[in-house]
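Beneath this line is the structure, given in structure tokens, with notes to follow.
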Amino acid sequence: GWLAANPAELAGLHRKGTIETGKDADFVIFDPEAGTVVDAQSLEHRHRLTPYHGMNLRGAVVATILRGQTVYEPSSLPGAHLGRLLRRDD
């Protein structure tokens, strides 16, 4: 509860935080045994500056699922943004 349900409740996001009928199916599949070397040039966000460049981090994201649809796998990214603005009581 402390990583998903409680923060969602605190933020008033009632469709988030738990796995049950009627809630968004948002998941991250994480492999704790994998390793990831951070390469600032291959980061998929706006600003590529990072203090982690070149570091070997433990674990890796294998996939991200947003509302039941896979939106990230290491070999592919979606063409369009699938997220939406969250509001309290959403």
Extension length gain for T50 and T36 (0.36 nm per residue less Cα distance), in nm, is 3.6 nm
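In Å², what does the accessible area per residue of segment 1-55 work out to with a 1.4 Å probe?
Details: 4450 Å² over 55 residues.
Solvent-accessible surface per residue comes out at 81 Å².
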PRE zone check, label point 7 Å out along Cα-to-Cβ of Q69, amide N under 14 Å, scope segment 20-48, hits 25-26
For V71, other-chain or 5+-apart residues with amide H closer than 5 Å (H placed, Pro excluded) are T64, I65, L66
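The values are calculated or read from the model by the stated rules, or taken from the named source; none is laboratory data. Computed from a predicted model, the values in this text were never measured in an experiment. Here Cβ is always computed from backbone atoms with ideal geometry, including for glycine, and neighbour counts include all displayed protein chains. Surface areas here come from the heavy atoms of the whole protein model, side chains and all, with no ligands, DNA or RNA. Shrake-Rupley method; radii C 1.70, N 1.55, O 1.52, S 1.80 Å.
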